[in-house]
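We did not get these values from a lab; they are worked out from the coordinates using the rules stated. None of the values given here were measured: they were computed from a predicted structure. Ideal geometry is used to build each Cβ from the backbone, glycine not excepted, and the neighbour counts take in all protein chains shown.
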Amino acid sequence: MSSPAATSTPQSETRLGYAWYVAIILMLCNTLSFIDRQVLGLLVDPIKQDLQISDTRIGLLQGLAFALFYTALGLPMGRIADRGNRRNLISIGIFFWSLMTALCALAQNFLSLFLTRMGVGIGEATLSPSAFSLISDYFPKERLGTALSVFSMGIFFGSGLALIVGGLVIGAVGSWRLTFVIVGLPGIVMALLALTIKEPTRKNLLTTKTGEFTKLSIAEVIHQIKLRWQSVAGICIGFAFQALCNYAQQAWLPSYFRRVHGWAPKQTGLTLGLISLAAGLLGNYAGGWLCDYWQMQRKREAPLKVGVLATLCAGAFFSAAMLAPDVSVQLGLLVPAFFFLAMPIGSTYASLQLIFPNQVRAQAGALQVFTLNLGGLVLGPLLPGLFNDYIFRDPNRVGYSLALTVGLASLLSAILFRSTYGAYRKHYALMQEGTSK
C-alpha cells in the first residue's frame, strides 16, 4: 500500500497546506493558554510575600484553583465540540480566560486569587477537546502524531515565554499585578485570529444501519468508551503521571533556582525559558515524528512506545539534575530532561483520536484532559509543596521534593503505557477496520 505522500495530488497538498495553517493557529492559542496559566510560577515569591500565603497554598493556586473548573467543564465542552462549531467555542474561550488572567491583578487575598484562577480554567477548558477533534479531521492518521505535536508545541512556547516575558516584565515594572495584565491582554487578538479557522467536514463518523450519520446520545458515547476501556484507562492514567512531572517542574523549578542559587527573576526566566523552548520544542516534534514513523511501520502501539521511552529517560535525567551538586551540571542535565518530558505529549494526544469515531473524539480528548488534570495539574504543583512543608521541612530542599515527585511519577507512567500495548492493538484494529460500531 502506498503512503499518503506517494499518492498525493496538488489538490490534496493544498488541503494539507491549509491543515498546517490550522495546526499553527491552534498551537498559538495553546501557547497563549500556557502563558496565562504558567506565569504564576515565576511570581511565586512576590505573591507569597504580598498576600502572606504558604507554599502549600501556592501549590493550590497553581494546581487545584486552575484545575477545578478546567477539569469539571472539560467533558461538557467536549460534548459541545462533538455536536457544534468547534472554532467558535475556542474563540469564546480564549477571550474569557484572557480576561480572567488580567483580573488576577486585582486579587487582595488567597481566596480572590483562587477565584480568578478558577476563571482562567473555565475559559481554557474549551481549547484542547475542540483542537484535538479539529486537527483529527484535517490530517490523515499517518501524520496525526506530528500534527498534534505541533499543537502541543504551544505548551513549550507558552511555558518558555511565560518565564522569559514574565521575568522581563517583573524585572522592568517590579509588579506581579501588572505582569498579569500584560500577559492577559493579547487574548483579544488571539480570539479574533481563531475565527480565521474554517470548520472542516467531519471524518470517520459512525453511521446508522441505513448509512446515515448520527449524533450519539450520552449513553451511546459511554458505550463507545466502554468498548475501549482498557486503552482509555491505561492511556489516561499513564498520561496523568507524565503530566504530573511537567506541571511539578513548571511550578517549582523557578523557585528552586531563586531559593537555592539566589537567581533573580530575570535570570531564572531567561535561562529556564530558553531551555524549555529549545529542548521542549525539539523533543515534542521528535516524539510526533517517531510516532508517525512507527505508524508507517505498522506498529499499532506506536504512541504508547513513545510514552514508555520518553518517561523512563525523563525521570532519570530530571532526578539526576536535581541531585547534582553543581549548577552547571544541573543545567546540562535539564536539557535532555526537558527533551524527554516533551517527547510523548503529542503522540499521547493522538493515541485516543486514532481509536475513536468522530462523534466521540472531542469527548475522548476531554476525558483524557480530565484525568490528566485530576492527577497531573492538581498533584504536580501540590506534591513538591507538601514535601517541602511536611517531609523535608526546608524551603531550600525543593530540589529533593522535585526529584522525588518526578522520579516516581515517570516510572509509574512508563509501567502503565507498557501494560496497555495489547489492548491498544486490538482497539486500533477495530477502528481502522470499521468494526467499532
Item to check | Cα-based reach from Lys141 at 27 Å (exclusive), listing lysines while leaving out same-chain residues under 8 positions away | outcome: Lys198, Lys203, Lys209, Lys215, Lys226, Lys299, Lys305, Lys426, Lys437
Checklist entry - What order do you get for Glu199, Glu301 when you list them from fewest to most C-beta neighbours inside 10 Å? => result Glu199, Glu301
Checklist entry - How high is the relative contact order of the range 10-432, in percent, with contacts defined as C-alpha pairs under 8 Å that are six or more residues apart? => result 27
Next on the checklist: Please list 3J(HN,Hα) in residue order for the range 318-328, calculated via the Karplus relation 6.51 cos²θ - 1.76 cosθ + 1.60 where θ = phi - 60°; whole Hz, with x for glycine and proline.
Outcome noted: 5, 4, 4, 4, 5, 9, 5, x, 10, 5, 5
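Once the piece of chain linking Trp289 and Gln108 is laid out straight, how much longer is it, given 0.36 nm per residue of separation minus the C-alpha distance between them?
On the way: separation 181, 0.36 × 181 = 65.16 nm, distance 4.64 nm.
Between Trp289 and Gln108, full extension yields an extra 60.5 nm.
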Checklist entry - lysines within cross-link reach of Lys48: Cα-Cα under 25 Å, excluding same-chain residues under 8 positions apart? => result Lys266
Checklist entry - Lys/Arg Cβ at +1, Asp/Glu Cβ at -1, dipole of the range 178-329 taken about the Cα centre: which of Trp294, Leu281, Ala219 is farthest positive-ward? => result Ala219
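Summing Lys, Arg as +1 and Asp, Glu as -1, what charge do residues with Cβ under 13 Å from the Cβ of Tyr390 carry, Tyr390 excluded?
Details: positive: Arg393, Arg397; negative: Asp55, Asp389, Asp394.
Within the 13 Å Cβ shell, the charges total -1.
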Next on the checklist: Nearest 10 degrees is fine. How inclined is helix 141-173 to the longest principal axis of the chain, computing both from alpha carbons?
Outcome noted: 20
Checklist entry - What is the Cα centroid distance between the range 138-196 and the range 92-107, reported in whole angstrom? => result 14
Checklist entry - Cα extents of the chain along the three principal axes, largest first, in whole Å? => result 66, 42, 40
Checklist outcome for this item: Assertion target for His223, His427, ordered by fewest C-beta neighbours within 10 angstrom first, is His223, His427
Checklist entry - Could you give the angle, 0 to 90 degrees to the nearest 10, between helix 229-261's Cα long axis and the longest principal axis of the Cα atoms of the chain? => result 20
Next on the checklist: Which one, Val44, Val360, Ile135, projects farthest toward the positive side of the charge dipole computed for the chain from Cβ point charges (K/R +1, D/E -1)?
Outcome noted: Val360
Item to check | Rounded Å value of the spacing that divides the Cα centres of the range 256-328 and the range 350-398 | outcome: 17
Next on the checklist: Just to be sure I understand the model, the point goes 7 Å from the Cα along the line to the Cβ. What's the resulting Ser419 to Thr196 distance in nm?
Outcome noted: 4.7
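Can you tell me the dipole magnitude for the range 10-432 around its Cα centre, using point charges on the Cβ only (Lys, Arg +1; Asp, Glu -1), in Debye to the nearest 20? It would help to have the intermediate numbers written out before the result.
Numbers: 32 positive and 17 negative charges, 195 e Å.
Using Cβ point charges on Lys, Arg, Asp and Glu, the range 10-432 gives about 940 debye.
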Checklist entry - Helix 421-432 versus the longest principal axis of the chain: what angle, 0 to 90°, nearest 10, using Cα atoms? => result 50
Checklist outcome for this item: Quick note on Met296, Met27, Met343, Met431, ordering by fewest other C-beta atoms within 10 Å, gives Met296, Met431, Met27, Met343
